[in-house]
Amino acid sequence: MDLRGGVAHHRCTSSRDGLAMLNWIAIVLGLQLVGELVATLSGLPIPGPVLGMVALLALLLKLGRLPAELDQLASALLRHLYLYYLPATVGVTAHIGLVTTELVPILVSVVVSSTLAMVVAGHVVQHMTGEGATDAV
């Protein structure tokens with residue numbers, strides 16, 4: 001669904017496509033719930049939504065393809081990704097005193113984790129493209 005000027009424009013060509021997309025919404029939310037349950041009951045230090053995404057990846061690998069309805073759902077969610085940061089922004093604003101007290105550890109963790117993520121991503125890209133590989137003589 002696309003929102004233009006407050007009017008919903010549906011991209012599904014039939015009610016069958018719409019039902020298939022609703023099924024994928026239910027599957028994605030169900031996998032997130034399963035991940036949350038596994039994380040809570042097992043005591044794993046991994047967030048439930050991450051476990052749900054791993055389960056979704058396993059499902060997609062089993063299918064061997066990306067269903068068009070799931071692609072549409074993902075595109076719609078990504079188009080409005082900025083909305084998912086609103087609760088975090090409100091939370092930071094509500095606890096601004098704590099943030100200012102712990103500003104140095106927060107900044108250090110952000111710089112270190114961002115640098116580490118960029119280094120790892122660079123190595124992964126080099127490995128996948130073969131650009132970082134040296135020829136053995």
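Suppose we filter 3, 66 for residues that are modelled with pLDDT under 85, surrounded by 10 or more Cβ atoms within 10 Å (Cβ to Cβ) and not in a helix (DSSP H, G or I); which single one remains?
3
Within region 74-137, considering only helices (runs of 4 or more DSSP H) that don't extend past its boundaries, which have at least 2 residues that are farther than 30 Å from residue 26 by Cβ and hydroxyl-bearing (Ser, Thr, Tyr)?
Once the helices (runs of 4 or more DSSP H) in region 74-137 are filtered for at least 2 residues that are farther than 30 Å from residue 26 by Cβ and hydroxyl-bearing (Ser, Thr, Tyr), what remains is 96-101, 103-129.
Per-residue answers, yes or no, for (1) free of Cβ contacts under 8 Å to residues at least 12 places away in the same chain; (2) in contact with an Asp or Glu (Cβ under 8 Å, 6 or more places away or on another chain); (3) not small (Gly, Ala, Ser):
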residue: 67; (1), (2), (3): no, no, yes
residue: 73; (1), (2), (3): no, no, yes
residue: 85; (1), (2), (3): yes, no, yes
residue: 109; (1), (2), (3): yes, no, no
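What residue, of 34, 28, 50, is touching a residue at least 40 places away in the same chain (Cβ under 8 Å), under 18 Å from the mean Cα position of the chain (by Cα) and within 28 Å of residue 18 (Cα to Cα)?
Criteria check complete, one pass: 28.
Check 92, 111, 125 and return the single one that is more than 30 Å from residue 18 (Cβ to Cβ) and in contact with a helix residue (DSSP H, G or I) (Cβ under 7 Å, 6 or more places away or on another chain).
92
The values are calculated or read from the model by the stated rules, or taken from the named source; none is laboratory data. For clarity, every value in this text was computed on a predicted model and none was experimentally measured. All Cβ positions, even for glycine, are placed from backbone atoms using ideal geometry, and neighbour counts span all protein chains on display.
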